[in-house]
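In what follows, a single structure is set out as structure tokens and then discussed.
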Protein chains: 2
Amino acid sequence: MSHIDTQFHGVRITESQGRPAQQHLPAACSSCSLHELCLSGGLDEIDLEAIDRIVAQRRRIAKGEALFSVGDAFRSIYAVRFGLFKTEGLMTDGREQVTGFQMAGELLGLDGISDDRHVCKAVALEDSEVCVIPFAEMESLGRAVPALQRNLHRVMSREMVQDRNLLVLLGSAQAAERLAAFLLNLSERHAQRGYAASEFILRMTRDEIGSYLGLTPETVSRTFTKLQKDGLIEVAQKHIRIPDLPALRNFIGC
Amino acid sequence: MSHIDTQFHGVRITESQGRPAQQHLPAACSSCSLHELCLSGGLDEIDLEAIDRIVAQRRRIAKGEALFSVGDAFRSIYAVRFGLFKTEGLMTDGREQVTGFQMAGELLGLDGISDDRHVCKAVALEDSEVCVIPFAEMESLGRAVPALQRNLHRVMSREMVQDRNLLVLLGSAQAAERLAAFLLNLSERHAQRGYAASEFILRMTRDEIGSYLGLTPETVSRTFTKLQKDGLIEVAQKHIRIPDLPALRNFIGC
DNA sequence: ACGCCCGTCTGATCCATGTCAGGCTGGCTT
DNA sequence: AAGCCAGCCTGACATGGATCAGACGGGCGT
């Protein structure tokens, strides 16, 4: 069990308190436990070493701090090593809305490519760490390593597909379906990372969930209660248990 | 004025009727009027010729026909030459929802990269033509031509950003704001292509608009009427006029 | 030119979710 | 240990949009 796994299980990172959020630590895809989930999946030893040279630093972000904000110059993309982030977009009238939650092994910052400026804000929901991947170098390494290029494209495409799914959800599903779909999505992603699929802790508030799902926090709360009454989930504050995953999946298809 | 421009202005393509939808015609980015809007923007002569060799064929899609459907094997992406498409995603319960409209110079099919299978369906809303861009060859040319690689990444990123914007819209805006934002978006894209920003024809039905915006067709209809009463737009069937663009933009920020 | 039908508009009603308000709990600070 | 406050839950009420129903009009095919 590696250093990273331990931290991902919830150990607080106290040594960064009082220091600036940005730190420069060595990163290494070749020895990263998330490697198969991340950009470096499926690459051979030699290519991994090349990536290691590019992904030269990590950065720690304390809970509540922003990794980047709207308008920031785009230079790098980020891979979450441990912790959890939310990304939020800006409405025309200034309100913010959560557009996604990123957990270990997922990328942040791809939105900045299109015009060299970030158009959303990424905030850590708990003490977190990311690998900093300078994008220009990533592109040039992609030119040398087709498999890496392929991975990048796959990740970008996957992100588009996920956004589309959420779109469809917001466009045509009811509150209970939205929430159920959200929980199932979290469940799957936990499972991918080797954690329990049917029991987990929500790291985000009801406000953030509501913002993400296009609902008010009150409705989120009520809907949790309703799903519990229907026996589909068990809720205790931030603790969620899904006693019957197939049943919940089935509920979505109504 | 080229052949393409003439067709884009609305001349019906009659010669394809009764034939299979797939046709093999020469394509040429180097002489395409959409070149600056599309993937080949900013490239030099030599690189353009390289692209021309890859983007070797076009395909005509009659109104109502699908360019690709959910589950189809992914091999190519497509650039719209003229015409208009809608993409629709599949709900868990089988219902379909429109997730986007693509006009000349925009790309289709990027959703298929992530697992080599299309996860949405692209349907022509009028007789249309696309350039077929084999993706494997596109990737390999991207390795040789950094500017092309950059363009591809930019386009993908832009698509992600647009999806996010729509997400925010669906998550927190009222019917009138959604519709206004939709019209402004169309207006901008028309302007980019050299057409009037304040007057245009809607090529999609109220149903399709409603599906896209997460509203019923009845609400779309009513909301058009409401916006007209408020003097923000003039509607006559599919004909839209926006007498005061800044006023409509201002309306969004409420 | 005629008639059919799809797409659109409008009205009446209902329901899901937003809004406003109050009270509870658990975790953090002092 | 006490107190405070953010986050959460629940209730009562308001409302925007969905739903159901019907009428109109224009485009298309015969």
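Collect the residues in the range B:227-254 that are of a type in the set (Lys, Arg) and within 9 Å of DNA strand D (Cβ to nearest atom), keeping them in residue-number order.
Residue satisfying the conditions is B:Lys238 alone.
Given the structure, is A:Asn185 away from DNA strand D (no atom under 14 Å from the Cβ) and not assigned by TED's automatic domain parsing to the domain that holds A:Glu139?
Yes.
Hey, B:Ala181 hits all of (1) within 9 Å of chain A (Cβ to nearest Cβ); (2) over 27 Å from B:Lys226 (Cβ atoms) but one; which does it fall short on?
Of the numbered conditions (1) within 9 Å of chain A (Cβ to nearest Cβ); (2) over 27 Å from B:Lys226 (Cβ atoms), the odd one out for B:Ala181 is (2).
Taking the residues in the range A:175-220 that are more than 18 Å from B:Leu166 (Cα to Cα) and near DNA strand C (Cβ under 9 Å from one of its atoms) as candidates, determine which candidate is surrounded by the fewest Cβ atoms within 10 Å (Cβ to Cβ).
Here the answer is A:Glu218.
Examine the range A:56-64 for a residue that is more than 29 Å from B:Leu248 (Cα to Cα) and modelled with pLDDT under 90, and state whether such a residue exists.
yes
Within the range A:155-176, can you find the residues that are over 9 Å from B:Ser114 (Cβ atoms) and of a type in the set (A, V, I, L, M)?
Those that are over 9 Å from B:Ser114 (Cβ atoms) and of a type in the set (A, V, I, L, M): A:Leu166, A:Leu167, A:Val168, A:Leu169, A:Leu170, A:Ala173, A:Ala175, A:Ala176.
Which one of A:Ser40, A:Ser76, A:Ser69 is surrounded by fewer than 19 Cβ atoms within 10 Å (Cβ to Cβ), within 21 Å of the chain's Cα centre (by Cα), of a type in the set (S, T, N, Q) and not assigned by TED's automatic domain parsing to the domain that holds A:Asp207?
Criteria check complete, one pass: A:Ser69.
Can you say whether A:Leu90 is surrounded by fewer than 23 Cβ atoms within 10 Å (Cβ to Cβ) and under 14 Å from the mean Cα position of the chain (by Cα), as far as the supplied structure shows?
Here the answer is no, as A:Leu90 does not meet what is asked.
Tell me the strands (runs of 3 or more DSSP E) entirely within the range A:40-84 that contain at least 1 residues that are among the aromatic types (Phe, Trp, Tyr).
Answer list for the range A:40-84: A:66-68, A:76-82.
If A:Ala144 satisfies all but one of (1) surrounded by fewer than 18 Cβ atoms within 10 Å (Cβ to Cβ); (2) more than 11 Å from chain B (Cβ to nearest Cβ); (3) away from DNA strand D (no atom under 16 Å from the Cβ), what's the number of the condition it fails?
The single condition A:Ala144 does not satisfy is (2).
Would you tally the residues in the range A:221-244 being in contact (Cβ under 8 Å) with a residue 12 or more places away in the chain and either of a type in the set (S, T, N, Q) or buried (at least 16 other Cβ atoms within 10 Å of the Cβ) (or both)?
Residues meeting the conditions: 8.
Does B:Ser211 qualify as being over 19 Å from B:Lys229 (Cα atoms), within 11 Å of DNA strand D (Cβ to nearest atom), small (Gly, Ala, Ser) and outside the structural domain of B:Gln97 (by TED's automatic domain parsing)?
Yes, satisfied.
Can you find a residue in the range B:146-165 that is among the acidic types (Asp, Glu) and in contact with a strand residue (DSSP E or B) (Cβ under 7 Å, 6 or more places away or on another chain)?
No; the residues of the range B:146-165 include none that is among the acidic types (Asp, Glu) and in contact with a strand residue (DSSP E or B) (Cβ under 7 Å, 6 or more places away or on another chain).
Of the residues B:Ile201, B:Ile252, B:Ile209, only one is among the β-branched types (Val, Ile, Thr) and more than 14 Å from chain A (Cβ to nearest Cβ); which?
B:Ile201
Of the residues B:Gly105, B:Gly109, which single one is over 29 Å from A:Leu248 (Cβ atoms) and crowded, with 23+ Cβ neighbours inside 10 Å?
Answer to the selection: B:Gly109.
Please give the number of the condition A:Glu139 fails out of (1) within 13 Å of chain B (Cβ to nearest Cβ); (2) in contact (Cβ under 8 Å) with a residue 12 or more places away in the chain; (3) more than 22 Å from A:Leu245 (Cβ to Cβ).
Of everything listed in (1) within 13 Å of chain B (Cβ to nearest Cβ); (2) in contact (Cβ under 8 Å) with a residue 12 or more places away in the chain; (3) more than 22 Å from A:Leu245 (Cβ to Cβ), A:Glu139 misses just condition (2).
Within the range A:147-178, track down each residue that is β-branched (Val, Ile, Thr) and within 7 Å of chain B (Cβ to nearest Cβ).
Of everything in the range A:147-178, those that are β-branched (Val, Ile, Thr) and within 7 Å of chain B (Cβ to nearest Cβ) turn out to be A:Val161, A:Val168.
To keep it simple, each residue is scored yes or no on (1) over 30 Å from B:Arg143 (Cα atoms); (2) at pLDDT 95 or above; (3) of a type in the set (A, V, I, L, M).
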residue: B:Arg19; (1), (2), (3): yes, no, no
residue: B:Pro26; (1), (2), (3): no, no, no
residue: B:Ser33; (1), (2), (3): no, no, no
residue: B:Leu39; (1), (2), (3): no, no, yes
residue: B:Gly42; (1), (2), (3): no, no, no
residue: B:Ile77; (1), (2), (3): no, yes, yes
residue: B:Leu84; (1), (2), (3): yes, yes, yes
residue: B:Gly89; (1), (2), (3): yes, no, no
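The values are calculated or read from the model by the stated rules, or taken from the named source; none is laboratory data. Since the structure is predicted, the reported quantities are computational estimates derived from the model, not experimental observations. Note: ideal-geometry Cβ built from the backbone for every residue, glycine included; neighbour counts use all protein chains shown.
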